[in-house]
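The structure under discussion appears below in the form of structure tokens.
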Amino acid sequence: MKRDIQHVPYGYEPPAAERKGTLIFYDSFERISDMDLLKAAETAIERKFTKLVLYPLHEETVRRMTKEPVQAYYKREDRLHEWKRDQGRSFITVESLEGKRKKYTPLDSALRHISDVYPAPYFLYLTPEMANQFASYSSFEEWIVKLRLLLSEAPAHVHPRLEKFRHRWDVAGEVQ
């Protein structure tokens, strides 16, 4: 077995990683335009994230969460893959957990999977509607201390739990 010996000057410290963390765009992607996707990608670049994970929801998950009709999962996933190819950026990933499960996946399970696979810290990129819905779940307070929220735009109305944890979220594009 070959040993690779490197010589460094006394007191050398490796440079800190410039990029860190994962930005997870959690949505059905039914009403998300290419411009919205581009805004999420630009936010990931601005804030120096290692990965942008696009997490499309299965029809069953959307049906239980919002009761609104959506296209088939594979059509929305194919659109995301096509958009990713057009962008040509290697840090964008389309997560396929829900496609493999082919059924309802609770947000808790999705977040546990993401925390097992992708590097921390975690930022959840959500629309204001999805953020208010996430805040309405009983497990919200357990998760909000482990991750931060990044809203795509300023919400018109804010869920009381979201207001309580105002220090754990901000709006993309606003000055920090």
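None of the figures in this text is laboratory data; all of them are computed from the coordinates on show. Quick caveat: nothing in here was measured; it's all calculated off a predicted structure. In this analysis, Cβ positions are derived from the backbone assuming ideal geometry, glycine residues included, and neighbour counts consider all displayed protein chains.
Dividing the alpha-carbon radius of gyration of the range 12-60 by 2.2 N^0.38 Å (N being the number of residues), what value is obtained? Numbers along the way, then the final one.
Working: Rg = 14.3 Å, N = 49, 2.2 N^0.38 = 9.7 Å.
Against the compact-globule rule of thumb, the ratio is 1.48.
So for SER138, SER28, fewest C-beta neighbours within 10 Å to most, what's the order?
Ranked by crowding around the Cβ, least crowded first: SER138, SER28.
How high is the relative contact order of the chain, given as a whole-number percent (alpha carbon pairs under 8 Å, six or more residues apart)?
22 percent
With charges set only on the Cβ (+1 for Lys and Arg, -1 for Asp and Glu), what does the dipole of the chain come to about its Cα centre, in debye to the nearest 20?
Value, rounded to 20: 500 debye.
Viscosity 0.692 mPa s, temperature 37 °C: Stokes-Einstein D of the range 52-145 from its Kirkwood Cα radius, in µm² per second?
Diffusion coefficient, whole number: 228 µm²/s.
Compare the peptides 153-159, 51-57 by average per-residue count of other Cβ atoms within 10 angstrom and give them in order, highest first. It would help to have the intermediate numbers written out before the result.
Values: 153-159: 13.1, 51-57: 23.9.
So the peptides 153-159, 51-57, ranked by packing, come out 51-57, 153-159.
Helix-only mean residue ellipticity at 222 nm, the chain, DSSP H runs n ≥ 4 weighted -39,500 (n - 2.57), per residue, nearest 500. What is it?
-11500 deg cm²/dmol
When you take every Cα atom in the chain, what is the radius of gyration, and what is Dmax, the widest Cα pair distance, in Å?
Taking only Cα atoms of the chain, I get Rg and Dmax of 18.1, 63 Å.
According to the Kirkwood expression over distinct Cα-Cα pairs, how big is the hydrodynamic radius of the range 1-91, in Å?
About 16.0 Å for the range 1-91.
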